[in-house]
1. Compute the angle between helix 2-19 and the longest alpha-carbon principal axis of the chain, please, reported from 0 to 90 degrees and rounded to the nearest 10.
2. Would you compute, for the Cα atoms of the chain, the largest minus smallest coordinate along each principal axis and list the three values in descending order, in whole Å?
3. Kindly put L92, L177, L150, L135 in sequence by how many other C-beta atoms sit within 10 Å of each C-beta, fewest to most.
4. Highest mean first, what order results for 100-106, 39-45 on Cβ atoms within 10 Å?
5. How much length is gained on full extension from S85 to D110, taking 0.36 nm per residue of separation minus their Cα-Cα distance?
6. For segment 76-86, what does the Karplus curve 6.51 cos²θ - 1.76 cosθ + 1.60, with θ = phi - 60°, yield as ³J(HN,Hα) per residue in whole Hz, taken in order and with x for Gly and Pro?
7. Once you place label points 7 Å from the Cα toward the Cβ at K181 and T73, how far apart are they in nm?
8. Based on the mean of other beta carbon atoms within 10 Å per residue, what is the order of 165-172, 31-38, 66-73, most packed first?
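Values in this text are rule-based calculations from the coordinates and carry no lab data. The model shown is predicted, which means the values in this text are computed figures rather than measured ones. A quick note on method: Cβ atoms are made from the backbone with ideal geometry, for glycine too, and the neighbour counts reach across all protein chains shown.
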Amino acid sequence: MFLRNLQIYSIFLSLTVVLGCNGTGTLSVASDEFCPDYDVNSDVCQMQSFQSGTGEKDLLLEFMVPKETTLSTWKEWNHFIYFESPITVGYLLRWNRNASLDERTELRQDLHCSYSMRHPVSGVEVQGELEGKRLEKNGIWCFDYLGTLLAALQKEEGTLKKEPESDYFPVTLTMMLKSSKKHLRREVTRSIVVNWR
């Protein structure tokens, strides 16, 4: 009897391993990272002009403004980094295995990409949904334009019509993946400093 139970258990264990290898195990998050620009074809996260700052979670963004361009208000500045020199921020999560078509259909309804941006000096914070959500079989990329998020924050602060100054930064950005499934929920926080010339 013991030998028979051991054989049944061995068969069950083998089936569990095989089914898990064939992609029927529980879908979960294998890795997550700050990802401003994602190339789905090469599965590569591109950092654009972002560089690591002084701390582990600090990011420095640098870009040039053409001499003929006048950015006299934060509104114009945000317009520039949205239309003229688009700068995106994003959050990339990779699954532990490829998601099936049925799983992606369910996830499309369940997963929500949100953000929170806070100015540490003024103490003002805004929250909302990220504009983009690209769900692939190997993961999900949540993204938005930095100019859009900053405009929302500055509108709340009442600084949108003020002259842009580099000492306005840093701002703290948190991007979140929300889900009814607790094991899929994640978030990433970065402090962003922007320098422009």
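1. 30
2. Projected onto the principal axes, the Cα atoms of the chain cover 84, 33, 33 Å.
3. Lowest to highest Cβ neighbour count: L135, L177, L92, L150.
4. 100-106, 39-45
5. The span from S85 to D110 would gain 5.7 nm if fully extended.
6. With coefficients 6.51, -1.76 and 1.60, one gets 5, 4, 5, 4, 4, 7, 9, 9, 7, 9, x Hz.
7. Result for the modelled spin labels: 4.6 nm.
8. For the peptides 165-172, 31-38, 66-73, the packing ranking is 31-38, 165-172, 66-73.
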